[in-house]
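Since the structure comes first, as structure tokens, the remarks are kept for the end.
The values are calculated or read from the model by the stated rules, or taken from the named source; none is laboratory data. This structure is a prediction, so every number in the text was calculated from the model and none was measured. Please note: Cβ atoms are built from the backbone with ideal geometry, for glycine as well, and neighbour counts cover all protein chains shown.
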Amino acid sequence: MKTLRRSLPFLLLSSLCALYVACSKEETPDGIGTNITNPMDVVTSPEGTHFIVLNANVNTDSNGSLLVLQDDKKVYTKEIPRLGKRLQFIGNALFVTADGESGSDIAGQVLLYEWKNQNGAIRLDYIKRWTYDINTCTPSNVVTSSDPAYPIVAVSCTNGALLVGKTAPSLADTTLHLIRRYPGYTRNAMYIDTKRKLLFAFVTSLGDALLSDNRYFDSKAWTGSTQATIPGGNDVPDSLEQSVRTTRNLQTNGSPYQFVVLDLAQAEAEGFAYKDKDKAPDLIASELRWMYFNLENAGTPDVTLEADEKYYRTNFAEARPGFDGDSFYLSHSGRGEAEASEHANNLIEVRFIGDAKAKLINGVYQVPLTKTYFDFTRKFGFKGPQTTQSSYMQGFSLATLSGEKVAIINDSFRDVVLFKDPYYSVSVASMQNPNSFVSKNSEHFTQSFYRTAFSPISNRVLALSYHSSSAFLYQAKLEISLALTLVTEIH
């Protein structure tokens, strides 16, 4: 099978530093001003009127920035540390994650700013920051609650650690705690469920070693008391719990098919105390669940499964709240090749059908099977016109156009540095009609579409172009059919 070098853009900050000679620290260049320079993320302002672009500025030693756009007009800029990764609002609080500088004791940091829009006069005021060494946390993604009345924020770390905190009426009192260190994997696709007070976090593949979906049998369950298996599936692949050695190996290293279900209400009641597999092994085991599903396309499942067989899935780029309180969406990435995540690169609706919480009964955690509380439906990525051999599903935004629910999707980011066959695309797709979608595609770095944001006020989409240090402003419309029309390119 042909092997391709692949990576998610979270590692571009380090790989591109080796590419650009300007990474030398011999002199400090001028700031980037209002230029778009290596944009890594973009969000829409709380009012929906502005876009905020996170400029990582990888190729010089000067600061990065937060650049505020109103349509194509640059109305404000704020210098921030370079090497930024992700940003997210909750109310007027804007959180930013960033890498640390090479040679520094700081491996990464989380920064907090306050958004102010007073009669069109824009400001972003610095509030505070949290810094971490490499053994504690290299912050990666940040997500926030969709409900400011439940002001929870969560930050994933590249070493499997998790930070959780809360904003306060005075943003200076905002907290962020290291509360978990899960074995093995970064989980950037996170969703805060405000209705059930739960945090879900799904594995994201970083670097060249792309994780792949696989089929495994689950017909037995390991019992620690007897050190043996008994009949009956427990979601754990049988091959990973055959003996004391295999079960210990799973506890130590984890699995790419394990996602997290964290009881936020309980964690808050405990003061967001830190716990790991050594301090609370049974609790951590109850929070690590197993991701598997077999999607249907026109009534035909992806694969034909045998009795007691499950199709385990991994590599999720992003999670977003759904259009109601009982669903959320996941982008699922993969090589899309035979025996290598052949049925990946989908936008998936995950609907709650049961209670995901583990129950502590007589000192033992009773953990529900994934299939008892999640139902999965493919919403984009169907075999046929939506799927190309170059697809590599990334981030997305949800929107409503002319009363119809749609998704704006960065359908592919196969970057020119780490991919031998670069390909980029942005799509607008109907959630009701799988045949209704429109895409903008590119194989050239000058349109290296990466992240997108949607303005519900203007129905415009801003798509970042990482390698050309620019952004493309599109008009999204739904009249007779969906349309995505270029308005201008911004540098």
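Observations on the structure shown:
- Any hit, the range 472-480, residues being small (G, A, S) and closer than 25 Å to Q88 by Cβ: yes
- V364 meets the conditions (1) more than 16 Å from M431 (Cα to Cα); (2) within 21 Å of the chain's Cα centre (by Cα) in every case but one. The failed one is (2).
- Whichever residue in the range 275-301 is aliphatic (A, V, I, L, M) and closer than 30 Å to L163 by Cα and, among such residues, is surrounded by the fewest Cβ atoms within 10 Å (Cβ to Cβ): A280
- Matching residues, the range 228-274, being at positive phi and either modelled with pLDDT under 90 or surrounded by fewer than 16 Cβ atoms within 10 Å (Cβ to Cβ) (or both): G232, G271
- Restricting the first member to the range 248-260 and to residues that are free of Cβ contacts under 8 Å to residues at least 24 places away in the same chain, and the second to residues that are of a type in the set (D, E, K, R) and crowded, with 20+ Cβ neighbours inside 10 Å, no beta-carbon pair is closer than 7 Å while six or more apart or on different chains.
- Of all residues in the range 454-491, those being more than 20 Å from V58 (Cβ to Cβ) and small (G, A, S) number 5.
- Looking only at the range 413-422, and only at residues there that are in contact (Cβ under 8 Å) with a residue 40 or more places away in the chain and crowded, with 19+ Cβ neighbours inside 10 Å, the one that is farthest from E318 (Cα to Cα): L418
- The single condition among (1) buried (at least 16 other Cβ atoms within 10 Å of the Cβ); (2) under 30 Å from I179 (Cβ atoms); (3) not acidic (D, E) that G325 does not meet is (1).
- Hits in the range 376-422 - residues which are touching a Pro at 6+ places or on another chain (Cβ under 7 Å) and of a type in the set (G, A, S): A399
- Failed item in (1) buried (at least 20 other Cβ atoms within 10 Å of the Cβ); (2) more than 18 Å from Y466 (Cβ to Cβ); (3) aliphatic (A, V, I, L, M), with V75 passing the rest: (1)
- Pairs where the first residue, in the range 225-239, is free of Cβ contacts under 8 Å to residues at least 60 places away in the same chain and over 20 Å from T372 (Cβ atoms) and the second is of a type in the set (K, R) and surrounded by 11 or more Cβ atoms within 10 Å (Cβ to Cβ), C-beta under 8 Å, 6+ apart: T229/K220
- For the range 142-157, filtered to residues that are free of Cβ contacts under 8 Å to residues at least 60 places away in the same chain, within 19 Å of the chain's Cα centre (by Cα) and surrounded by 16 or more Cβ atoms within 10 Å (Cβ to Cβ), the residue that is farthest from P81 (Cα to Cα) is S145.
- Condition broken by N92, with the remaining ones in (1) of a type in the set (S, T, N, Q); (2) over 22 Å from the mean Cα position of the chain (by Cα); (3) at pLDDT 95 or above satisfied: (2)
- Residue count for the range 443-469, restricted to those that are closer than 17 Å to V417 by Cβ and either of a type in the set (S, T, N, Q) or not in a loop (DSSP other than H, G, I, E, B) (or both): 11
- Residues that are within 24 Å of V350 (Cβ to Cβ) and in contact with a Phe, Trp or Tyr (Cβ under 6 Å, 6 or more places away or on another chain) do occur in the range 434-447.
- Pick from the range 302-322, criterion buried (at least 18 other Cβ atoms within 10 Å of the Cβ) and hydroxyl-bearing (S, T, Y), ranking: nearest to Y191 (Cα to Cα): T314
- With a requirement of 3 or more residues that are on the phi < 0 side of the Ramachandran plot and not β-branched (V, I, T), the strands (runs of 3 or more DSSP E) lying completely within the range 352-432 that satisfy it span 374-380, 396-401, 404-414, 423-430.
- Whether a residue is more than 22 Å from the chain's Cα centre (by Cα), surrounded by 13 or more Cβ atoms within 10 Å (Cβ to Cβ), at negative phi and modelled with pLDDT of 90 or more was assessed, and N214 does not pass this test.
- The range 269-284: number of residues that are of a type in the set (D, E, K, R) and within 24 Å of T370 (Cα to Cα): 4
- Yes/no for L171 being more than 23 Å from A356 (Cα to Cα) and either of a type in the set (D, E) or in contact with a Phe, Trp or Tyr (Cβ under 7 Å, 6 or more places away or on another chain) (or both): no
- Scope the range 168-207; condition surrounded by 24 or more Cβ atoms within 10 Å (Cβ to Cβ), among the β-branched types (V, I, T) and not in a strand (DSSP E or B); matching residues: V203, T204
- Selection status of Q251, more than 25 Å from V142 (Cβ to Cβ) and not in a strand (DSSP E or B): yes
- Qualifying residue in the range 380-396 (condition: modelled with pLDDT of 90 or more and more than 30 Å from P237 (Cα to Cα)): yes
- As a summary of the residue check, E270 satisfies the conditions (1) more than 30 Å from N346 (Cβ to Cβ); (2) in contact (Cβ under 8 Å) with a residue 24 or more places away in the chain except for the one numbered (2).
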